[in-house]
Every structure is written in structure tokens, then in C-alpha cells.
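The values are calculated or read from the model by the stated rules, or taken from the named source; none is laboratory data. Remember, predicted model here, so these are calculated numbers, not experimental data. Please note: Cβ atoms are built from the backbone with ideal geometry, for glycine as well, and neighbour counts cover all protein chains shown. All accessible areas refer to the heavy atoms of the entire protein, side chains included, with ligands and DNA or RNA removed. Shrake-Rupley method; radii C 1.70, N 1.55, O 1.52, S 1.80 Å.
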Amino acid sequence: MSNVYYVISEVDQRQSLEPHSSEWPKLIAYSYETKNIYISEGEGHGFGGGLLSIDQVAAGKWSNFFSDVNAMWFKDSLIKGELNTIKNEDEMLIFLNGNKCFFKKIIV
């Protein structure tokens, strides 16, 4: 079953002639429906990604990843439970706009 995730941050620091990378680009997205975080990094043969729970983030895992994509504010919001009240897309868009995020959905 696919779920809709809203992109929180997406950063690409690859060199122009670097099509396959295990480190870049990096992406964090969130689903208010499942309360999961989707992360991915790399491109081409180096691509990897998966789902994280809020508990994994709260335990301090993945802090470097959040830092790399300038999303420590999002990590703090997760730990404080600020996203627990989001129940629909309109509320998610208000959260994204309030944190100066662009609007982009992905299906995972």
C-alpha cells in the first residue's frame, strides 16, 4: 500500500558530473496519516531509503542526516509532538508554510 509523504527538506550537494552518489541527494518527508518519516539518500546505483518512526528520531539516531538537510527544526517538532495534531492536508500545508517549506508530495 502506498502512502502520501510531504517533503520537509531535499538537499543535493553532488558535483555536476556525479550521476551516481551514495550520499547525495538527501530527502526527508513526513506522512501525517502514518506518523512515519521517509528518508532517502543517494542517486543511481548508490540510492537507499526507508521509513523511520518518531521513536527512532527521539532516540538520537539520524541526527547527522537531519543536520545535513537543515531539518533539525523538524526533528525538534517531531520530538515535541507538534505534528501529532495534523489530521488533514490543509493542516499539513499550514505546518509546511509556517516553516518555509515548499509544497511537494511523494508516494512511498
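Mind checking the dipole of the chain: about its Cα centre, +1 per Lys or Arg Cβ, -1 per Asp or Glu Cβ, Debye to the nearest 20? Provide the component values of the computation, followed by the final result.
Details: 10 positive and 14 negative charges, 34 e Å.
Rounded to the nearest 20 debye, it is 160 debye.
From the P(r) of the chain, can you give the percent of Cα pairs sitting at distances over 22 Å? Spell out each step's value before the answer.
Working: 1682 of 5778 pairs.
Value for the chain: 29 percent of Cα pairs lie more than 22 Å apart.
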- request: Would you mind checking the tilt of helix 89-98 against the longest principal axis of the Cα atoms of the chain, expressed as 0 to 90 degrees and rounded to 10?
  value: 70
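Full-extension gain between Thr34 and Val4, please, as 0.36 nm times their residue separation minus the C-alpha to C-alpha distance.
Details: separation 30, 0.36 × 30 = 10.80 nm, distance 0.92 nm.
Stretched fully, the Thr34-Val4 segment lengthens by 9.9 nm.
Of the cross-linked pairs Lys35/Lys104; Lys61/Lys104; Lys26/Lys61; Lys26/Lys87, which ones have a Cα-Cα span greater than 22 Å in the structure shown? Numbers along the way, then the final one.
Values: Lys35/Lys104 17 Å; Lys61/Lys104 25 Å; Lys26/Lys61 16 Å; Lys26/Lys87 26 Å.
Cα-Cα > 22 Å for Lys61/Lys104; Lys26/Lys87; rest within.
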- prompt: When only Cα pairs under 8 Å and 6 or more residues apart are kept, what is the percent relative contact order across the chain?
  reply: 30
statement: Phi-derived 3J(HN,Hα) across region 26-35 with the Karplus relation (6.51, -1.76, 1.60, θ = phi - 60°), rounded Hz, x for Gly and Pro, is 10, 9, 10, 9, 9, 10, 6, 6, 9, 6
- prompt: Using helices alone, what [θ] at 222 nm do you get for the chain, with -39,500 (n - 2.57) per DSSP H run of 4 or more residues, divided over all residues and rounded to the nearest 500?
  reply: -7000 deg cm²/dmol
- line: Taking the alpha-carbon centre of each part, the distance from region 37-76 to region 11-25 in Å is 17
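Given a 1.4 angstrom probe, what's the average accessible area per residue across the chain, in square angstrom? Kindly include the intermediate steps, with their values, before the conclusion.
Details: 6260 Å² over 108 residues.
For the chain, the solvent-accessible area averages 58 Å² per residue.
GluC sites (Glu not before Pro) within region 8-48: which are DSSP loop residues with at most 15 other Cβ atoms inside 10 Å?
Details: sites: Glu10, Glu23, Glu33, Glu41, Glu43; in loops: Glu33.
Answer in residue order: Glu33.
Give the shape of region 1-63 as rounded, prolate or oblate, defined through the alpha-carbon gyration tensor: a ≥ b ≥ c are the square roots of its eigenvalues, a/c under 1.5 means rounded, and otherwise the shape is prolate if a/b is larger than b/c and oblate if not. Before the final figure, lay out the partial values.
Details: a/c = 2.38, a/b = 1.78, b/c = 1.33.
The shape class here is prolate.
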- prompt: Ordering Trp62, Trp24, Trp73 by how much accessible area each has at a 1.4 Å probe, largest first, what is the list?
  reply: Trp62, Trp73, Trp24
field: Within region 16-46, backbone nitrogen closer than 12 Å to the virtual label 7 Å beyond the Cα of Lys100 toward Cβ
entry: none
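May I ask you to give the percent of accessible area on region 3-108 that is carbon plus sulfur, with a probe radius of 1.4 Å? Walk me through the intermediate numbers first.
Numbers: 2940 of 5980 Å².
The computed percentage sits at 49.
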statement: Rounded to 0.05, the calculated FRET efficiency for the beta carbons of Asp55 and His20 at R₀ = 35 Å is 0.60
